[in-house]
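Below: one structure, written as structure tokens.
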Amino acid sequence: MGRFYITTPIYYVNDAPHMGTSYTTVNADAIARWHRLIGDETKFLTGTDEHGMKIAETAEQHGMSPQSWTDATAARFEDAWSTLNISNDDFIRTTQARHYETVGTFLTKIYENGFIRKDTYRGLYCVGCEDYYTADQLIDGKCPSHNRVVEEMEEDNYFFELSKFEDRLLEWFEANPQAIQPASKRNEALSFIKGGLKDVSITRTSISWGIPVPWDSDHVFYVWYDALINYLTAIGYGRDEAEVAKWWPSVHHLIGKEIIRFHCVWWPAMCMAAGIDPPAHVFVHGWLLVGGKKLSKSMANDETAPVKLTDITPDSLVEQFGVDPVRYYLLRNTPLGTDGDFSIEGITDRYNADLANNLGNLVARLATVIGSKSGGLSPAPDEDSELKGIANETVVQARDAWERFAPQEGLEVTWRLIGAINAALEVAEPWKADPGPQVDAVLGSALEALRIVTVLITAAMPDTAAIIWERIGLAGLPGDGGLEAQVVWGSAPTGRPISKGDPLFPRRKD
Ligand code: MSP
């Protein structure tokens, strides 16, 4: 049994969660569930990033204190994740006392190790990014990501001496070719480092909504420097060394492509400066796009956006389609690593084709035919069935895909198995044949392959898998006892009562 620690970025609480943030969270959730299924001791962390100028400004615009604003918005994230059936083991908020403690200890360590110095900083700041720009990075004087006027800022800052880590980072990249995936993103981080690293300012005096610098109370830490450390707070850095040793550095950070620099350059360097190993694995995914543009909070104010953000909230989509179809769409439609289009038509198509027609029909049809031809009791599967070989092969392929952070592929191969079961039934046409051993063998094998499908989809669609499990007469939950034991052909008892129930995914017309 291994150990598996997976994290999402912690999300800004300037607004509610949307399908973009749900994409990362659902993928991390399914991967965490997969690792629990294969028996790994698993820790899945998500949470909220609550400091910084942007949050303070948003709170003020709403006439609220930053604390009461962040309390209210963090709760919206927790609610959305519960709606999407997210199985996080912990929810970290950067305003929690445990985080203040870890940030203080971690950054003091870097200070004591001699990698933080004081200097004056002048620069052009984008509040949207919470980051500085140089004049040549701007487009018409505005931030390229937010199309927002930048502010000239001058402050006495503490600087992290990132420039001292250029060589060590390059060595680390060299020695750990798999640490940043996919390779294209690794190369992007690598060329950033090769372009030369400048020291970065890590404190602010201009705002107070942040974590105070332990050695100089006029300053608070810059929001990104506080945020990255959340991954250590949650495993007790500075408070519980045994727990840290248990989970670090073999962590998996799942992040969006716009925050590579922070996770693949700053963060490893900060870890080195504090005297700990950098994170073992950062997996960088692409964006969900709507009409070619990144799905984001700013769409809410965009008159030209092809879809209203309020029509595609996690809540409204779950209400329309059900939780598992939304999870399935997020996992299946856009592989981790590339951009993908998000649309209501896209969900509807996937729903009708993959869920209603393929999986839903198979479950219903098998129950009906077993009812009429095999007395409603599960027949024994055939040891020589072609489906046995296909199912075994699918397990190997799905396992490989999920372990490579490719849920999309894991589901694709699983749906090929569903297709093979449907095709085998179409060929044998057991509904036309007389009851008897031949029909029982066909139905028993199809049912056994469906049982294996059910185990394989449990990480993606836990509720659906549990319902099918019950309908095919099995006790407990798919995955109880672990993947390995559950996917053995012929390992389930026969003669189980099979029930039909309502359609799992009634076809949608819209
Ligand atoms: N608070 C920082 C992260 C700090 S981590 C130490 C932040 N927050 S954010 O709220 O802007 O969330 C960014 C993350 O949300 C992305 O990295 C990505 O994981 C997810 N996504 C937000 N919009 C997305 C899409 N349109 N598509 C895919 N993922 C998206 O940055």
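Nothing in this text is a laboratory measurement; each read-out follows from the coordinates by a stated rule. These numbers were taken from a predicted model, which means no experiment stands behind them. Glycine also receives a Cβ, built like all others from the backbone with ideal geometry; neighbour counts cover every protein chain displayed.
Would you tally the net charge around Gly47, using a Cβ to Cβ cut-off of less than 10 Å, leaving Gly47 out, and scoring K and R as +1, D and E as -1?
Details: positive: Arg93; negative: Asp49, Glu50, Glu78, Asp90.
Net local charge, Gly47 excluded: -3.
Placing one identical point scatterer on every Cα of the chain and ignoring solvent, what is log10 I(q)/I(0) from the Debye formula at q = 0.07, 0.10 Å⁻¹?
-0.44, -0.82
Amide H neighbours of His281 under 5 Å, counting only residues 5+ apart in sequence or on other chains, H built in-plane at 1.01 Å?
HN-HN under 5 Å from His281: Val251, His253.
Between Ser208 and Arg117, how high is the FRET efficiency from 1/(1 + (r/R0)^6) when r is the Cβ-Cβ distance and R₀ = 25 Å? Nearest 0.05.
My answer for the efficiency is 0.65.
Tell me the Rg and the Dmax, in Å, that the Cα atoms of the range 345-486 produce.
Calculated on Cα positions, Rg and Dmax stand at 14.7, 46 Å.
Hey, can you grab everything whose amide H is under 5 Å from the amide H of Trp287? Only 5+ residues off in sequence or another chain; H modelled, so Pro and N-termini drop out.
Residues meeting the amide H criterion: Asp339, Gly340.
Output the relative contact order of the chain, whole-number percent, from Cα pairs under 8 angstrom with separation of 6+ residues. Please list the in-between numbers first.
Details: 834 pairs, mean separation 80.9, N = 510.
Worked out over the chain, it gives 16 percent.
In angstroms, what radius of gyration and Dmax does the range 287-430 have, counting Cα atoms only?
19.1, 60
Could you list, in their original order, any pairs among Lys185/Lys297; Lys109/Lys164; Lys142/Lys257 whose Cα atoms are separated by more than 19 Å?
Lys185/Lys297; Lys142/Lys257
Can you compute the FRET efficiency between Arg508 and Trp431 using 1/(1 + (r/R0)^6), with r the Cβ-Cβ distance and R0 = 30 Å? Round to the nearest 0.05.
Values: r = 26 Å, r/R0 = 0.87.
The formula returns an efficiency of 0.70 here.
List every residue whose amide H lies under 5 Å from the amide H of Tyr11, counting only residues 5 or more places away in sequence or on a different chain, with H placed 1.01 Å from N in the peptide plane.
Amide H to amide H, under 5 Å and 5 or more residues apart or across chains, Tyr11 pairs with Gly47, Thr48, Asp49.
Would you work out which of Tyr158, Leu190, Pro212 lies farthest towards the positive end of the dipole of the range 109-243, given +1 charges on the beta-carbon of Lys and Arg and -1 on that of Asp and Glu, about the Cα centre?
Looking along the dipole axis, the top candidate is Leu190.
Mind checking the full-extension length gain between Glu241 and Arg416? Use 0.36 nm per residue of separation minus the Cα-Cα distance, one decimal, nm.
Values: separation 175, 0.36 × 175 = 63.00 nm, distance 4.59 nm.
Once the chain is fully extended between Glu241 and Arg416, it gains 58.4 nm.
If each residue's Cβ is checked for other Cβ atoms within 10 Å, how do Trp34, Trp431 rank with the fewest at the top? Walk me through the numbers on the way to the answer.
Values: Trp34 26, Trp431 13.
Ranked by crowding around the Cβ, least crowded first: Trp431, Trp34.
Around Thr94, under 9 Å between beta carbons, what's the net of Lys plus Arg minus Asp minus Glu among the other residues?
On the way: positive: Arg93; negative: Asp49, Glu50, Asp226.
Once positives and negatives cancel, what remains is -2.
Can you give the calculated 222 nm mean residue ellipticity of the chain, where each DSSP H run of n ≥ 4 adds -39,500 (n - 2.57) and the sum is split over every residue, rounded to the nearest 500 deg cm²/dmol? Walk me through the intermediate numbers first.
Working: 19 runs with 221 residues, N = 510.
Value at 222 nm, helices only: -13500 deg cm²/dmol.
Sum up the charges of everything whose Cβ sits under 9 Å from the Cβ of Trp247, counting Lys and Arg as +1 and Asp and Glu as -1, but leave Trp247 out.
Numbers: positive: Arg3, Lys43, Lys246; negative: Glu243.
Residues near Trp247 contribute +2 overall.
At most 16 other Cβ atoms within 10 Å and a DSSP loop assignment: could you name the GluC sites (Glu not before Pro) in the range 337-393 that fit? Walk me through the intermediate numbers first.
Values: sites: Glu345, Glu383, Glu386, Glu393; in loops: Glu383.
Taking the range 337-393 and a limit of 16 other Cβ atoms within 10 Å, the loop GluC sites (Glu not before Pro) found are Glu383.
Based on other C-beta atoms within 10 Å, arrange Phe91, Phe44 from fewest to most. Mind dumping the intermediate values first?
Working: Phe91 17, Phe44 23.
Final ranking by Cβ density, sparse to dense: Phe91, Phe44.
Filter the chymotrypsin sites (Phe, Trp or Tyr not before Pro) in the range 258-312 down to the DSSP loop ones having no more than 16 other Cβ atoms within 10 Å, then list what survives. Mind dumping the intermediate values first?
Numbers: sites: Phe262, Trp266, Phe283, Trp287; in loops: Trp287.
For chymotrypsin sites (Phe, Trp or Tyr not before Pro) across the range 258-312 that sit outside H, G, I, E and B with at most 16 neighbouring Cβ atoms in 10 Å, the list is empty.
Using every pair of alpha-carbon atoms in the range 215-355, split the distances into 5 Å bins beginning at 0 and state the percent of pairs per bin, rounded to integers.
Percent of pairs per bin, in order: 2, 8, 14, 15, 14, 12, 12, 11, 8, 4, 1, 0, 0.
Where does each of Thr24, Thr454 land when they are ranked from fewest to most other beta-carbon atoms within 10 angstrom?
On the way: Thr24 20, Thr454 26.
Arranged by neighbour count, lowest to highest, Thr24, Thr454 become Thr24, Thr454.
I need the phi-derived Karplus couplings for the range 261-272: 6.51 cos²θ - 1.76 cosθ + 1.60, θ = phi - 60°, integer Hz, Gly and Pro marked x.
Karplus-based 3J(HN,Hα) across the range 261-272 equals 4, 5, 8, 9, 10, 4, 5, x, 5, 4, 4, 4 Hz.
For the range 3-301, just say rounded, prolate or oblate: build the C-alpha gyration tensor, square-root its eigenvalues into a ≥ b ≥ c, call rounded for a/c under 1.5, and beyond that prolate if a/b exceeds b/c, oblate if not.
Numbers: a/c = 1.25, a/b = 1.08, b/c = 1.16.
Here the range 3-301 falls in the rounded category.
What value does the range 38-77 have for Rg/Rh, both radii from Cα atoms and Rh as Kirkwood defines it? Write down the numbers at each step before the final one.
Numbers: Rg = 14.7 Å, Rh = 11.7 Å.
Value, to two decimals: 1.26.
Along the range 351-360, what does the Karplus equation 6.51 cos²θ - 1.76 cosθ + 1.60 (θ = phi - 60°) give for ³J(HN,Hα), rounded to whole Hz, x for Gly and Pro?
In residue order, the calculated couplings are 4, 5, 6, 7, 8, 5, 6, 8, 6, x Hz.
Separation of the range 435-473 and the range 136-185 by C-alpha centroid, Å?
50 Å
Just to check I understand the Karplus step: with θ = phi - 60° and J = 6.51 cos²θ - 1.76 cosθ + 1.60, what whole-Hz values come out for the range 158-173, glycine and proline as x?
With coefficients 6.51, -1.76 and 1.60, one gets 8, 10, 8, 7, 4, 4, 6, 9, 3, 5, 5, 5, 4, 4, 5, 4 Hz.
Within the range 256-351, list the trypsin sites (Lys or Arg not before Pro) lying in a DSSP loop whose Cβ has at most 16 other Cβ atoms in a 10 Å radius. Intermediate values should be presented prior to the final figure.
Values: sites: Lys257, Arg261, Lys293, Lys294, Lys297, Lys308, Arg327, Arg332, Arg350; in loops: Lys308.
Of the trypsin sites (Lys or Arg not before Pro), the ones in loops of the range 256-351 whose Cβ has at most 16 other Cβ atoms within 10 Å are Lys308.
Would you work out the relative contact order for the range 50-206, in percent, from Cα pairs under 8 angstrom that are 6 or more residues apart?
Relative contact order comes out at 19 percent.
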